[in-house]
Structure formats: C-alpha cells, structure tokens
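Structure, as structure tokens:
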Amino acid sequence: MRLIVVVGARPNFIKVGPLVPALRAAGHQTDIVHTGQHYDELMSDVFFTDLNIPEPAWFLDVGSGTHAVQTGVAMMRLEELLIEQRPDALIVVGDVNSTLAGALAAAKIGIPCVHLEAGLRSWDMSMPEEVNRLVTDQLSSMHLTPVAEADENLVAENIDRDRIHLVGNIMAESVLRHAREIEGRQTCAAHGHTPGEYLLSTIHRPENTDRPENMAAILSAFASAPLPVLMPVHPRTRPLLAEFGVDESHSRITLIDPVGYLDMLALQRDAAAIVTDSGGIQEEACMLGVPCVTIRRNTERAITVEVGANRLVRAEQESILAGIDEALAGPRDWERPDRWDDQVARRVTEALAGGIKPLSGVE
Ligand code: UD1
Ligand code: UDP
C-alpha cells in the first residue's frame, strides 16, 4: 500500500519512531508529512535524530495558533497534499490537533484514515485532546488500540468490532527499543542531580497552565517536596514560571529547556518519582518502573493507575505532596499492561494486511 503518516507535535514523533520502519519493512511505500505544529529544535528536530525517524517528505509549516486556526490551516494543507498524492490510507497517531486535521481532511475526500492509539477516553470534554480523540475515531476506518478498555470505549460509540485491532502501546515499544541505548547515559548529573535523589516533573496541560491557582499550588508543593525537582519546561509553561517567583536561581526547582527523547528516558529512569500532567510520560513511567504522580482531574491512561504505577492528584499543595509521599514509599513491582511490548508495530502491519474496510457509504 501507499501510506502517508501525519506527525505534528512532540508525542507524535515518538509514536512513529517504531512504526514507520515496520511499515516499510512490510512492503508499504510510506512517507511522513510533518504539519509543523511543533517547530522548535527541541520540540521537533531532536526527536528525528534521537529516534532515527526518516525525514518528512513534506513540511506544512502550520505553526502555533488557536485550535481552529491550527487545525484549519493543517486541514487545508493536508487536503491539498492528499488530493495530489492519493495514498491508499492516511495514518494518524495520538490526539493532537494535527491528528484531528488529518482525519478530517482524509474523510472528506474518501481516503481511509487509520488511527493509532484509538479509543482512549478521559470523559472530559474540556480537554482539547478528548475532542480530537472522539472526532478522529468517528472518522477513522481502522482503529489500532493500546488497551482492551479502548476497544470497549469504541464499541460503545458504535464503531464496528471488525475495525478495531488491539495492537498494544507503541510508546511502550519505543521505550523498550531504546532501553539499551540509554545505559550509562548520565543526563541527571549534567543538570546537577544524583540518580534516585530527585523528582522529575513536566507540566504543560492547559488544565494546569491556564489556571494560576493550579500553577501556584504545583510550584509551592515542589518548593517543599522531600526531594529537589528537575523540570524540563514546555514552551507553553515557560513564560508562566517567573510570575510565580520560580526562575533559574530557585534552590529546590531546577528549570531546564525541553530535552530530547533519549535524555528524557534517562531522566525518567533515574528519578525517584515522576510528577506530570503528560499523557505519554504516565505510560513511560509505568514501563520504566518509576512511580508516577499525575496532576490532573482524570486520565485516559487509567490502566497505569490500575496496575499501581500511577496515581491521580488534585492541583492542590496537600494532595500533590501526599501523592509524592505515596509514590516514594510504594512498591515498584507492578505488572506491565498486556501488549505493552516490542511487537506493537508488527501487530499494526498484521492488521493492515487484513485490509482496511472503507467507511460505510463510500464503497
Ligand atoms: C500540544 C497538544 C497536546 C500535547 C502537546 C505535547 C493539541 C491540542 N495539544 O499542546 O495534546 O500534549 O502538544 O507537547 O494539539 N510552542 C513553541 N514552540 C514549539 C511549539 C509550541 O514555542 O515548537 C509554544 C507556542 O507559544 C504555542 C504553545 O507552545 O502557542 C502551545 O503549542 P500547541 O502546539 O498549540 O499546543 P501544546 O500545548 O504544545
Ligand atoms: N518528552 C521529551 N522531552 C521533554 C518532555 C517530554 O522527550 O522535555 C517526551 C516524553 O518522554 C514522551 C513525550 O515527550 O515521550 C510526551 O510528550 P508530551 O508530554 O509533550 O505530550 P503528551 O504525551 O502529554 O501528549
């Protein structure tokens, strides 16, 4: 088949890392289109190098904007490309605006859309990603899911079971494929920290960044946490920190620029615990055996809580500190979820080999 894979934002790059080589090895003519949703060196280029991802055949230069502007511009440029290229299918991954733009553009011109990481639900429509997930799944012809619960979510939304394939978690495959490469990588020392003696944190969700009371609670919890905090800062969060009196001179919180994938894996592996609102990091912490505290009202990665790797806390100082204490004291010997292994991309190629059933009405 001739396939085009859409990427745009940081978590997308990690998902296509193991996927594209497997698609090519299975004989599919596969090219990447990069929408340009993320464009900084440390938010984009570094991942292509770290994960050895083939260079995108097209870069659409969409950039930042409101949701409608970003999604709309990406949709217009993707539509033009799809009309010109006419692939047999478009593959979209995850839940970012570029994912939705790809699904919308493809569905309207009758090109089947395949969604990898389908069926995850937070049940929280105030999350832009939940809107993206719901619409992308309704418009997709094939749904490649990371957990059995996702299959049930899709069935409850009237998706035919024969479109759903439980392939497992591609983020997990990426962690496993790079585990050897980070052996001996001392990224935390380069930032003045010692393995096992720091907390690693990333915060970028609007649910936290757009609420001053959440940011204030998170930063005051970090200032009094039992271990110092190392924080690679997302560009969305960077301008906010100074407003709360946290800058490079803080004695308990080390702020650093976003790091590449291999450095991030090394920082996670060496952390005593991870405190985050990221989707992907909840999964990676679960794979790496490092306890995670998630500062959110809900999570679509509920399986990580179920296996005992993760706990949800409210964005309040007491809850965050209690979550950190629990994470530091708790067990680390949870079982990895089913099919969070190094065979996920292979299962994707098997699913594609069975053919893609067109959406009803377009046969
Ligand atoms: C997006 C995704 C989110 C994902 C996150 C991963 C949507 C709706 N959100 O959120 O699901 O968790 O990416 O990191 O798609 N910026 C830069 N440089 C860049 C990219 C962004 O400075 O290379 C700044 C811009 O000021 C921009 C802001 O970050 O306005 C937000 O970027 P955007 O892509 O709109 O959303 P994210 O918060 O990154
Ligand atoms: N990540 C990274 N460097 C960083 C922060 C995150 O490489 O400074 C990686 C992280 O390990 C995971 C992915 O980015 O693989 C998660 O992306 P992010 O948290 O931006 O988005 P989400 O998963 O929440 O959509």
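Read the figures in this text as sums done on the coordinates, not as results from a lab. Bear in mind that the values here come from a model prediction, so they are computed numbers and not experimental data. Here Cβ is always computed from backbone atoms with ideal geometry, including for glycine, and neighbour counts include all displayed protein chains.
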Open item on the list: What's the magnitude of the charge dipole for the chain around its Cα centre, counting Lys and Arg as +1 and Asp and Glu as -1 at the beta-carbon? Answer in Debye, nearest 20.
Closed with: 360 debye
- [ ] Rank these for me by crowding, Arg163, Arg252, going from fewest to most other beta carbons within 10 Å.
- [x] Arg252, Arg163
- [ ] Given the options Met76, Met43, Met142, state which has the largest fluctuation in a GNM of the chain using a 10 Å cut-off (strictly under) for Cα springs.
- [x] Met76
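Using Cβ counts within 10 Å as a stand-in for footprinting exposure, how do Glu318, Glu130 rank, fewest first? Spell out each step's value before the answer.
Details: Glu318 11, Glu130 18.
By the 10 Å Cβ count, ascending, the order reads Glu318, Glu130.
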Task: Most fluctuating residue given options Glu152, Glu207, Glu248, as computed from a GNM of the chain linking Cα atoms under 10 Å - done: Glu248
Task: Principal axis box of the range 172-225, alpha-carbon based, largest edge first, Å - done: 41, 27, 15
TODO: Once you have all Cα-Cα distances for the range 296-363, histogram them in 10 Å bins from zero and send the whole-percent values.
DONE: 16, 29, 23, 18, 12, 3
TODO: Go ahead and set up a Gaussian network model of the chain, Cα springs under 10 Å, then flag whichever of Thr194, Thr299, Thr66 fluctuates most.
DONE: Thr66
Open item on the list: Taking each pair of distinct Cα atoms in the range 32-102 once, what is the resulting Kirkwood hydrodynamic radius in Å?
Closed with: 12.7 Å
Task: Percent of C-alpha pairs per 5 Å bin, the range 104-218, short to long - done: 2, 9, 14, 14, 14, 13, 13, 11, 6, 3, 1
- [ ] State, to one decimal in nm, how far the label point of Glu248 lies from the label point of Ala148, with both points 7 Å from Cα in the Cβ direction.
- [x] 5.1 nm
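What ranking do Trp58, Trp123 get, fewest neighbouring Cβ atoms within 10 angstrom at the top?
Trp123, Trp58
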Task: Positive dipole terminus of the chain, leading residue within Val246, Leu199, Gln186 (C-beta point charges) - done: Gln186
Open item on the list: Viscosity 0.692 mPa s, temperature 37 °C: what is the translational diffusion coefficient of the range 217-363 from Stokes-Einstein with a Kirkwood Rh over Cα pairs, rounded to a whole number of µm²/s?
Closed with: 191 µm²/s
Task: Over the chain, relative contact order from alpha-carbon pairs under 8 Å, at least 6 apart, % - done: 16 percent
Task: Cα-Cα pairs of the range 45-190 separated by more than 22 Å (percent) - done: 48 percent
Open item on the list: In Å and on Cα atoms, what radius of gyration and Dmax does the chain show?
Closed with: 19.8, 63
Task: Translational diffusion of the range 121-183, µm² s⁻¹ [Kirkwood Rh, Cα pairs; Stokes-Einstein; 4 °C; 1.567 mPa s] - done: 98 µm²/s
Open item on the list: I'd like to know which of Gln268, Pro331, Gln343 lies farthest towards the positive end of the charge dipole of the range 256-344, counting +1 on Cβ of Lys and Arg and -1 on Cβ of Asp and Glu.
Closed with: Pro331
